[in-house]
Structure formats: structure tokens, C-alpha cells
1. List the chymotrypsin sites (Phe, Trp or Tyr not before Pro) within the range 15-85 that fall in a DSSP loop (any state other than H, G, I, E or B) and whose Cβ has at most 15 other Cβ atoms within 10 Å.
2. Using modelled backbone amide H atoms (1.01 Å from N, in-plane), which distant-in-sequence or interchain residues come within less than 5 Å of Ser36's amide H?
3. Around Leu52, what is the net charge, scoring Lys/Arg as +1 and Asp/Glu as -1 over all other residues with Cβ under 14 Å from its Cβ?
4. Translational D (Stokes-Einstein, µm²/s) of the range 21-91 at 25 °C and 0.890 mPa s when Rh comes from the Kirkwood sum over C-alpha pairs?
5. Show me, for the range 26-37, the HN-Hα J-couplings you get by feeding each phi into the Karplus relation (A = 6.51, B = -1.76, C = 1.60, θ = phi - 60°), rounded to Hz, glycine and proline as x.
6. How much length is gained on full extension from Asp41 to Leu74, taking 0.36 nm per residue of separation minus their Cα-Cα distance?
Amino acid sequence: MSIKEPSLGRDRVWLRLGIALMIVAPLLAVGAYFASYSGNDLEQRDAIVMALGALTVAVVGSALFLRYSLAGFLRFWLARFVYEHQTQTDRFLGVEPSAKSENA
């Protein structure tokens, strides 16, 4: 079975972007933590907004990572499942692999 990956480059970019966002999010959260000690209320509110933004970045990064890492795995799992199912059907019907290719 030779299966060509149609958009391997694009999927890899999105996967790496998800990893990068998961790395950047804790750094933003730590920055927000230290910014919250600045003193006045307005700067502390800015730090809260920055912390919520870091949380959003972490969730988006995790979702991208899960989506594109599982998509690659499930794509090949489905192709293997279809191939094995076709092989079992041919075996059940008694079709020889060489006869099948001549009729097609």
C-alpha cells in the first residue's frame, strides 16, 4: 500500500504552531504574574487580561496539536482498516489477488 499524504507540509506547519503556542502560553502567564505586582489597580487589570490571553493561547495551541497529531494517525489507521477489510472480503469470496488485478 503506497499512500500519498496530500497536505503533509501544511499539517506539519499547524502541528508546529500548536506546539509553539503551548510553549509561549506559560511564558505569557509568568509575565502576567510578575506584571500583577506592579502596584496600581489599572496595571493589575492589564495583567489579568494578559493571563486570560495566555490561557486562550494555551487552549488553542493544545487543540491544534491534538487535531493535527491525531489526524495523521487516524488517516493511516483508516487506510489500513479499509485495506484489511478488502483483503478479508476477497478471501471470503475466494478471489485470488492475481485474478482480481486482471479483471479490474
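1. Values: sites: Tyr33, Phe34, Tyr37, Phe65, Tyr68, Phe73, Phe76, Trp77, Phe81, Tyr83; in loops: Tyr37.
Answer in residue order: Tyr37.
2. Close amide H contacts, sequence-distant or interchain: none at all.
3. Details: positive: Arg45; negative: Asp46.
Local charge sum for Leu52: 0.
4. On the way: Rh = 15.1 Å.
My calculation gives 163 µm²/s for D.
5. Calculated HN-Hα couplings, in order: x, 5, 5, 5, 5, x, 5, 4, 6, 6, 6, 8 Hz.
6. Numbers: separation 33, 0.36 × 33 = 11.88 nm, distance 4.91 nm.
Extra length from Asp41 to Leu74 when fully extended: 7.0 nm.
None of the figures in this text is laboratory data; all of them are computed from the coordinates on show. It should be emphasised that the depicted structure is a prediction, and the values quoted were computed from it without experimental measurement. Neighbour counts are summed over all protein chains in view; Cβ atoms, including those assigned to glycine, are modelled from backbone coordinates with ideal geometry.
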